[in-house]
1. Can you pull the percent of Cα pairs in the range 18-118 with separation above 25 Å?
2. If amide hydrogens are placed 1.01 Å from N in the peptide plane, which non-local residues have theirs closer than 5 Å to the one on residue 168?
3. What ranking do 170, 109 get, fewest neighbouring Cβ atoms within 10 angstrom at the top?
4. Looking at the range 127-243, send over the antiparallel percent of its DSSP beta bridges, to the nearest 5.
5. Just to confirm the number: angle between the C-alpha axis of helix 180-189 and the first principal axis of the chain, 0 to 90 degrees, nearest 10?
6. Once you compute Rg and the Kirkwood Rh from C-alpha atoms, what is the Rg to Rh ratio for the range 127-243?
7. What's the ranking of 224-236, 126-138 by average number of surrounding C-beta atoms within 10 Å, highest first?
8. Taking one equal scatterer on every alpha-carbon of the range 105-171, how large is log10 of I(q)/I(0) by Debye at q = 0.19 1/Å?
Amino acid sequence: MRKISTNGFSDATLLDTLSPEIRPPAPAASLAGHRERLRARLISAGPEALADHEMIEIVLFLAIPRRDTKQIARLLIGRFGSFANVISASVPDLLAVEGIGEAGVAALKTVQGAAQRLARAEVLYRPVLSNWDRLMEYLQAVLAREKTEQFRILFLDNRNRLLADEIQTKGTVNHTPVYPREVVKRALELHATAVILVHNHPSGDPSPSADDIEMTREIKRATAALNIVLHDHVIVGNGQWMSFRKTSLL
């Protein structure tokens, strides 16, 4: 058998140059030791001590116990770019990554759901107008990385506490149909006295379109007729947001 020259590289370095499809599986003892070290570092130093791919690896090895998840984690980071982008990726896009499977996808989506619920807990049943920064953090968590437009309504009580956050409609990459009568109908069902409109722009640019402005005016007329206050319309981009109220469009 012809010996491959290492040119000064260690065996481990050579293995790292191989693609995940042809790389030999890690020995069970080595894999267990690696996972134990990651767990210990997470527990002793906290999640900030781990890189994005290591956090994903920990999530995956809880769901895929008999497979080396290090390379799957690196493939995910390579494709989507960050921990946040990985857990926010669509199910079909995640399943397209070699080796992850439905168990791995379910684990990642559980983490995403947990993050969103934590953010939502910071604003639920609290006066949202005096917790605006927390509200924007929550809306970024649930909308910033969506690939299609989604129109949500925040229903508030007479103390401006959040009663419910509901998806009204989902659309395409640049359009979401919204019907003022449905907005008003749902507000009455929940006994809401005020609402905040929210939708995302998958392009990342939160600037309002002419249709956005006209739709907001129509909903304002419909809610005002029944003494329901339209506090704001927020458009969420990727890492930024725009308020109709703050830009004097409402």
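1. 15
2. 151, 152, 153
3. Final ranking by Cβ density, sparse to dense: 170, 109.
4. On the way: 17 of 24 bridges.
Bridges in the range 127-243 are about 70 percent antiparallel.
5. Once rounded, the angle reads 90 degrees.
6. Values: Rg = 13.2 Å, Rh = 14.1 Å.
Result: Rg/Rh = 0.94.
7. On the way: 224-236: 18.2, 126-138: 16.2.
The packing order, highest mean first, is 224-236, 126-138.
8. Taking Cα atoms of the range 105-171 as identical point scatterers yields -0.79.
Quick note: the coordinates plus some simple rules give every number you see, no bench work behind them. Bear in mind that the values here come from a model prediction, so they are computed numbers and not experimental data. In this analysis, Cβ positions are derived from the backbone assuming ideal geometry, glycine residues included, and neighbour counts consider all displayed protein chains.
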